[in-house]
Amino acid sequence: MKIFYGWRMVFAGSAIQFLQNGLLHQAFGAYFAVLIEEKGWSKTSLSGAAAMQPVEAAVLGPVLGWIIDRFGPQGMIRAGIVTFGIGFMLLSQIDTLAGFYTAFIAIALGSSLCGFFPLQVAIIYWFERHRARALSMLSLGGAIGGIFVLVVAWSIQSFGWRATAFASGVLVVLIGLPLSRVFRGRPEDHGETIDGLPLATAGTAASETSTQRDFTTREALGTSAFWLISLGHSFALLIVYAVLVHAITHMKESLGYSVSQASLVITLMTVTQVIGIMLGWLIGDRFEKRLVAAVSMLMHASGLLMLTYATGPAMLGAFVVLHGCAWGLRGPLMQAMRADYFGRRSIGMIMGLSSVIIVTGQIAGPMLAAVLADWTGNYRAGFTVLALLAGLGSLFFLLAKRPRHQSIHPSPTLGIAD
C-alpha cells in the first residue's frame, strides 16, 4: 500500500524537531546552568541569548512566510540545517559573552530557517481533514527530543560543554541534511492531492468547501480571531520558554537538585508532553480547538505554580503532568486553528505576521523570570507573575471564534500579500 507522501514529510519534520529540541531548545537549560557556574555570567545576560531565536523568527517571519508561500519550504529548510549545525560548532569555541552571542546568532538563524514555522507550513499545505493529527505527529518528534536532554546533560558533565556542542553540530548536519531533502512544495505541484484523497474525492471535497474561501493576509488581519489567537499563543509561550531556560537552574539553586536530577524532571515532563500530543492526535480534529487551548492554558498556569512552590517530589510530579500535557495538547492546535480559520492560500504570511506578536511571550517569559530572579534572589516572584498571565491568556482562546467572510465571492488582493 502506497504511503501518502505528506506523511513522509511529517516523519522527516518530526525527526528534525527531535534534533532541535533535543540538542537546543530543551537542552539550553543545561548549558545555561553550567555556564553561569563556570563563567560567572548573570542570568539576565544569558537569557538574552535565549531570546535571539524568537526575535529572529519574528523579524524574518513575514519575509519567510512570503518566500514559503511563493517558492516552497524545501530550500529554506536545507539552508537552516547547515547554519544550525555551524552555530553549534562556533559555540564550542567561545570564551567571551560576545562570542556566546555571536554563536547563538547563527544557531538562532538556522533554527528559524529549519524550525517549527517552515515545517508546519509545509505540512499544512498537504493536509486538511487530518491537519491536527499531522501537526501533532510533527510535534511528537520535538517532544521525544526533550527526553534527549538527559543525554545532553550527561555528555556535558562527562565530556564538557564544548565537546557536547561540537558533536551536536556534526549530528545536525549529518542527520538533518538527508531529512531536509524529503520536503516538497504544494501537493498539486507534484501530482498529489490534499490528504492523499483520490482525485474524484478531492474534487468533491473542494466543491463542498468552496463557500469557505481562503482569507487573504489583509482579510485575516482584519479579524479579531487573528489577534486573539496570536495573543493567546504569546501568553502560553511566556511559561513554555521560561521553563525551558530557567527550570533546571531553579531546581538546582532553590530546590537543591543537581543538574542531572533536574534534567531528569525535564525529561519526565517531556514524557507527559508526548502523552498530551497523543491526546491531541485523538481529539484535535473532533473538538473545538479554541476550547481545548483555553483549558490547556489553565493547566500551564497551575503546573508552573507547582514548580514554583514545590516542597517535594509530589508537587514536581504535578508540574510534570500539568505543564507537559498542556504543552503537548495545545502546541499543535495553534497552527491548526489558523489554517482552519484562514485556509492555505496565504498561511505562510499569516503565520509569519503572527510570529511578530508571539515573540513577545518568547522573549518576555525568560527575561521577566531572569530579571526578578537577579533582583529577589530566586524565581518565585517571576514564575508567579507568569503563571497568572497564562491563566488570563485562556480568555483569548475562549473569545477566538471562527471568522467568516462577508461574501463568498473572490475579491482582489489588497496590500500585504494574498
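None of the figures in this text is laboratory data; all of them are computed from the coordinates on show. Nothing here was measured: the structure is a model prediction, and the numbers come from that model. Every residue, glycine as well, gets a Cβ built from its backbone with ideal geometry; the counts of neighbours run over all protein chains shown.
Points worth noting:
- Here the Karplus relation 6.51 cos²θ - 1.76 cosθ + 1.60, evaluated at θ = phi - 60°, turns the backbone of segment 364-376 into coupling constants of 5, x, x, 5, 4, 4, 5, 4, 5, 5, 5, 7, 9 Hz, with x for every Gly and Pro.
- Within the same chain, lysines fewer than 8 places from Lys252 are excluded, and of the rest, those with a Cα less than 21 Å from its Cα are Lys39, Lys43.
- Ranking of Ile67, Ile123 by count of other Cβ atoms within 10 Å, fewest first: Ile67, Ile123
- In this simple spin-label approximation, Leu221 and Val170 carry label points 7 Å from Cα along the Cα→Cβ vector, and these lie 4.7 nm apart.
- Dipole magnitude (debye, nearest 20) for the chain, charges at Cβ of Lys, Arg, Asp, Glu: 520 debye
- Ranking Phe4, Gly72, Ala98 by Cα position along the charge dipole of the chain, where only Lys, Arg, Asp and Glu carry charges on their C-beta atoms, puts Phe4 farthest toward the positive end.
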